[in-house]
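Presented below is the structure to which this report refers.
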Amino acid sequence: MIGVGVAAFALVMVVAYLITKPFLMPEAGGLRRAQLLDDRARALTQLDDLDMEFETGKLERDEFDALRAQRVAEVELAELGLREVDAEEIDAAAAGTLEATTGGLDSEEIERRIAERKLTLAESGCPFCGARIETSDRFCRSCGAPHDAAETR
Amino acid sequence: MAEVGRFALFVALVSGLWALFAGIAAARGGRDDVQRSAEGALGGAAVALSVSGLALFGLLLSKDFSVEYVAEYTSRSLSVFYTLGAFWAGQAGSLLLWAWMLALASALVVRQNRRTNRDLMPWATVALAATIVFFDVLVAFYANPFQRGAVTPSDGQGLNPLLQNYGQWIHPVTLYLGFVGFTVPFAFAISALVTGKLNDRWIKTVRKWTLWSWILLTAGILFGARWAYVELGWGGYWAWDPVENASLMPWLVATAYLHSVVVQEKRGLMKVWNVSLIVATFALCIFGTFLTRSGVISSVHAFAESTMGPLLIGFTGLVILVSAGLIVWRLPDLRRTGRFGSIVSREWGFLLTNVLLVAMAALVLWGSVYPIVAEVLRGVKLSVGQDFFDSLVTPLAVVLLAVVAICPLLAWRHGDARHLWRNLRIPAAVGAGGFVALLLGTRFEHLGMVLTLALSAAALTTIAAELRRGLHARRTIHRESWPRAVRNLFGLTPRRYGGPLVHAGVLILLVGIAVNVAYKQERKDVLTVGGSTRIGGYTLTLQDLSLDQGSARVAVLGTFRVRGADGSDLGTMVAQQAVYQNQQAVTEVAIRASWGSDLYLVMNGVDLQKKVANVDVFVEPGVPWIWVGMIVVIVAAVIAAWPRRANMLAREAPTRGPSPGERASEDREAVPA
């Protein structure tokens, strides 16, 4: 009987812990980034699928272009969101540093670092002509240079 | 242990109710901590129901006959394998399995969506919690497996001998997992409807859930057919029994969904249809449970009548009402964003596939419920025979075969007859040639079989051509070697090329059925020891009747010598007739399988004194191919659904050549037809 009581008590405690935990320890951030990464992965999968559809003659050129543009736009949107999230994190981190080290960094230095980081993020264009490249492109749309997708991000 | 199991059921109920109401509060108030608590409660229900489930396993293993359920379905002599399998031998255990698996699935959904789909999760949580609560109520208040009996018997009644087959560990479990799995797509569909987030995200989120549930349901149905064949001793594998139909209906509708969802992804069409199909699949899963568990229909599965019929039909009605209401409410947002293309386009092919599958489901539904309707309206008891289903479903299946042969060749939207003919001429020639040859070979008999075989040949040719085209495309786009192209074709585009393989499995299975229906032979005979009977070129001689006495059963073994048409010795077959401790008598079938055909032997009545046995012998051509098709379907579907890392595409990308978009203008015509 004592065993039953202990087991029942333990079960109630576990369930109570699972239900109350979110109130005591709220979930850390990063939700938006996870969603964006998920969206991007899905759109990329679909792009590959579309290529095969087109190559095997299941899609006409105009339909293929329209669907591809749609998926590329989804990838772009996710990329844009990811950049924003990155920039926000840099801002937040910089603000944190500023607060922690009073007088350590001046606002100009922070701005310089943010700009530097944003520049790094934006430097995913064509290495030959600098034009912007979509993640899924294999050739630069501007100069036609072959593009290694692994370098994109 | 029974008390712990029972208490855990109530903890699961409280936890489920918390998930339900906290989910509603979070959906309305938008507070993430409340939603997380609701999700935690789903995990809590999973923990509690796991305790209940493990407690029942423990009670069965310890053979605690003070618990009614244990006394009813096990006995001291029952092996551990079947003792554990007795968990889902009865109603209470089956429903506990439903609730338990659903709670585990819900906990998995929560884990998968910790950081994604946060906007869809509240209402999905509500739908999952409501279903868990419903089944938990059934288990806790209407069919509690932890109920103690008034007296404790010295031994249990034992497991029904028919259930003492390895299938007991596969068929019920996979079927239940399939039913349970469809709750997840349903929950997300409801969430998408309530929140109005009706873009493709909910569909993509539940894609794997739908596919795996479909695989489990398929495996459940096919293993059930195999079990019926090897265990029941009637030489068949499908009887349109209401309980079989109960699993076939959601399968047909889910199969329709798997096809039409592609149309939504590619063309932005059939949105209302897709959400309706997911709701219908789930509703049919619950309705199937009602047909099986309420006792309103008579079936070989012979489940006892219970009081939960009104609850199950009420829940089915509620699911349909709420979903239909939501769909009507959201109709303006579910407007299609594309247009149907020419009549020879792929979307029309998919639409026709859907119409055929849903029509079959509707016919099966009508055939299954008609006896209930007739009894309610006219007060007559009747049952719908196999002829009804055979004569109505078979023609639709044959048309579907033709669609399977043609549809993969169609292009989206702009398909034209000239392009179609270019791709279709080889499959059409194979089909037509096969049709003529078979018609002549069979002397114009068995037209249905000839048509099925010819269309299957055409469809298999289409599949082979599609795979060849896909491999060629990979080699062109990605400059891959043949082995690498094969690996990546299934590894990177699994749904597209796993699909045709599933079709191939279905075709093999249908060919097996068609051949079996056309050429099956049966012979009943009474043999004394030394006597023979002939069937389909075989001669079976009863050599000996002997007694085999075990602790749990007494069996009469009949040993038969089998000879071929040329007199060659093909070995012996041993059929049994056994009587179990609980006085249940069963026949154990003897099957001699070869690649093309089974020799199937049942010994019905035996008189040991007179050394006489009643035998029923079947020659079953094509049956082995049904099982080959079954394995191909399951393996191919697993390939299609196998999880792959999202970054595989990124890793593959550097090896790519020019994009099709860029290359299109130059070599569009070079793509093989």
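The values are calculated or read from the model by the stated rules, or taken from the named source; none is laboratory data. Since the model is a prediction, treat every value here as computed from it, not as a measurement. Cβ coordinates were reconstructed from backbone atoms using ideal geometry, including for glycine residues, and neighbour counts include every protein chain displayed.
Quick rundown of the values:
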{"quantity": "Selected residue (criterion: surrounded by the most Cβ atoms within 10 Å (Cβ to Cβ)) from residues of the range B:109-145 that are assigned to a helix (DSSP H, G or I) and of a type in the set (D, E, K, R)", "calculated": "B:136"}
{"quantity": "Complete set of residues in the range B:194-205 that are more than 20 Å from residue B:324 (Cα to Cα) and away from chain A (no Cβ under 12 Å)", "calculated": "none"}
{"quantity": "Selection count, the range B:424-445, where residues are farther than 12 Å from residue B:409 by Cα and exposed (fewer than 15 other Cβ atoms within 10 Å of the Cβ)", "calculated": "10"}
{"quantity": "Options B:437, B:454, B:428; residue that is assigned to a helix (DSSP H, G or I) and free of Cβ contacts under 8 Å to residues at least 12 places away in the same chain", "calculated": "B:437"}
{"quantity": "Residue within the range B:482-492 that is buried (at least 18 other Cβ atoms within 10 Å of the Cβ), over 21 Å from residue B:406 (Cα atoms) and touching a Pro at 6+ places or on another chain (Cβ under 8 Å) present", "calculated": "no"}
{"quantity": "Hits in the range B:41-81 - residues which are over 26 Å from residue B:104 (Cα atoms) and within 14 Å of chain A (Cβ to nearest Cβ)", "calculated": "B:64"}
{"quantity": "Test: residue in the range B:168-179 that is surrounded by 23 or more Cβ atoms within 10 Å (Cβ to Cβ) and outside any helix (DSSP H, G or I)", "calculated": "no"}
{"quantity": "Only listed residue being within 14 Å of chain A (Cβ to nearest Cβ), modelled with pLDDT under 90 and either surrounded by 16 or more Cβ atoms within 10 Å (Cβ to Cβ) or on the phi > 0 side of the Ramachandran plot (or both), chosen from B:412, B:421", "calculated": "B:412"}
{"quantity": "Per-region count, the range B:78-108, residues of a type in the set (Gly, Ala, Ser) and part of a loop (DSSP other than H, G, I, E, B)", "calculated": "3"}
{"quantity": "Any hit, the range B:535-555, residues being surrounded by fewer than 16 Cβ atoms within 10 Å (Cβ to Cβ), farther than 16 Å from residue B:594 by Cα and in contact (Cβ under 8 Å) with a residue 60 or more places away in the chain", "calculated": "yes"}
{"quantity": "Extreme residue, nearest to residue B:74 (Cα to Cα), among residues of the range B:153-178 that are of a type in the set (S, T, N, Q) and at pLDDT below 85", "calculated": "B:157"}
{"quantity": "Residue within the range B:95-103 that is in contact with a Lys or Arg (Cβ under 8 Å, 6 or more places away or on another chain) and modelled with pLDDT under 85 present", "calculated": "no"}
{"quantity": "Inter-residue pairs, beta-carbon under 9 Å, first at positive phi and in the range B:567-594, second modelled with pLDDT of 90 or more and hydroxyl-bearing (Ser, Thr, Tyr), 6+ apart", "calculated": "B:567/B:539"}
{"quantity": "Out of B:50, B:66, sole residue that is surrounded by fewer than 18 Cβ atoms within 10 Å (Cβ to Cβ) and over 32 Å from the mean Cα position of the chain (by Cα)", "calculated": "B:66"}
{"quantity": "Positions within the range B:369-383 being part of a loop (DSSP other than H, G, I, E, B) and not charged (D, E, K, R), in sequence order", "calculated": "B:379, B:380, B:382, B:383"}
{"quantity": "Test: residue in the range B:29-42 that is assigned to a loop (DSSP other than H, G, I, E, B) and on the phi > 0 side of the Ramachandran plot", "calculated": "yes"}
{"quantity": "Which listed residue is within 30 Å of residue B:601 (Cβ to Cβ), in contact (Cβ under 8 Å) with a residue 40 or more places away in the chain and touching a strand residue (DSSP E or B) at 6+ places or on another chain (Cβ under 9 Å), from B:224, B:233, B:167", "calculated": "B:233"}
{"quantity": "Count of residues meeting criterion [surrounded by fewer than 23 Cβ atoms within 10 Å (Cβ to Cβ) and either part of a helix (DSSP H, G or I) or of a type in the set (A, V, I, L, M) (or both)] in the range B:146-167", "calculated": "7"}
{"quantity": "Only one of A:81, A:3 that is more than 8 Å from chain B (Cβ to nearest Cβ), surrounded by 17 or more Cβ atoms within 10 Å (Cβ to Cβ) and either without any contact (Cβ under 8 Å) to a residue 40 or more places away in the chain or part of a helix (DSSP H, G or I) (or both)", "calculated": "A:81"}
{"quantity": "Whichever residue in the range B:232-247 is of a type in the set (A, V, I, L, M) and surrounded by fewer than 24 Cβ atoms within 10 Å (Cβ to Cβ) and, among such residues, is nearest to residue B:407 (Cα to Cα)", "calculated": "B:239"}
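For (1) among the charged types (D, E, K, R); (2) within 19 Å of the chain's Cα centre (by Cα); (3) part of a helix (DSSP H, G or I); (4) surrounded by fewer than 13 Cβ atoms within 10 Å (Cβ to Cβ), each residue gets a yes or a no:
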position	(1), (2), (3), (4)
B:326	no, no, yes, no
B:333	yes, no, yes, no
B:337	no, no, no, yes
B:343	no, no, no, yes
B:358	no, yes, yes, no
B:364	no, yes, yes, no
